[in-house]
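These notes are about the structure you will find just below.
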């Protein structure tokens, strides 16, 4: 179903305050820092080994999804991103297994997602189905 963990995302109140623990403390490299591509006022700091990023720090306004997560839970693991070679089949299998999917079909559709992420298809496992962690499922388009 899945063939790799693409990234783990950690929700923090403010990226600038959390960054030194990851760069100075853990020795990770800041690879990029930018607004999230999907809106919500999200900001993202991509961290990695200098060649590839695998950890993201996220912050957002209080009314965004990350802000609401922080209000409920405090800082912590917000999302895992898993890659699948056949997202449609993966989603079908998960639904057959009783896993709650936020989008029942992979979305590369809908204006927000098509414009922001035209190179991937997306689906999400609801946090209720995965111990409070949002799981994003992706398939890169060829």
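The values are calculated or read from the model by the stated rules, or taken from the named source; none is laboratory data. Note that this is a predicted model, so its numbers are computed, not measured. Note that each Cβ is placed from the backbone with ideal geometry, even for glycine, and that neighbours are counted across all protein chains shown.
Tally up the residues in the stretch 51-67 that are at pLDDT 90 or above and surrounded by fewer than 15 Cβ atoms within 10 Å (Cβ to Cβ), please.
2
Looking at the stretch 108-131 only, could you name the residues that are within 21 Å of residue 40 (Cβ to Cβ), modelled with pLDDT of 90 or more and assigned to a loop (DSSP other than H, G, I, E, B)?
126, 130
Would you confirm, using the coordinates I've provided, whether residue 105 is at pLDDT below 90 and either part of a loop (DSSP other than H, G, I, E, B) or farther than 17 Å from residue 65 by Cα (or both)? First the steps, then the outcome.
Numbers: at pLDDT below 90: yes; either part of a loop (DSSP other than H, G, I, E, B) or farther than 17 Å from residue 65 by Cα (or both): yes.
In short, yes.
Looking at 88, 78, 22, which is the one that is within 20 Å of residue 136 (Cα to Cα) and surrounded by 15 or more Cβ atoms within 10 Å (Cβ to Cβ)?
Among 88, 78, 22, only 78 is within 20 Å of residue 136 (Cα to Cα) and surrounded by 15 or more Cβ atoms within 10 Å (Cβ to Cβ).
Take residue 80 and tell me if it is touching a strand residue (DSSP E or B) at 6+ places or on another chain (Cβ under 6 Å) and modelled with pLDDT of 95 or more.
Numbers: touching a strand residue (DSSP E or B) at 6+ places or on another chain (Cβ under 6 Å): yes; modelled with pLDDT of 95 or more: yes.
Considered against the rule, which asks whether it is touching a strand residue (DSSP E or B) at 6+ places or on another chain (Cβ under 6 Å) and modelled with pLDDT of 95 or more, residue 80 comes out as yes.
For every residue, the table says whether it meets (1) closer than 25 Å to residue 129 by Cβ; (2) assigned to a loop (DSSP other than H, G, I, E, B).
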site	(1), (2)
17	no, no
31	no, no
41	no, yes
46	no, no
50	no, yes
70	yes, no
82	yes, no
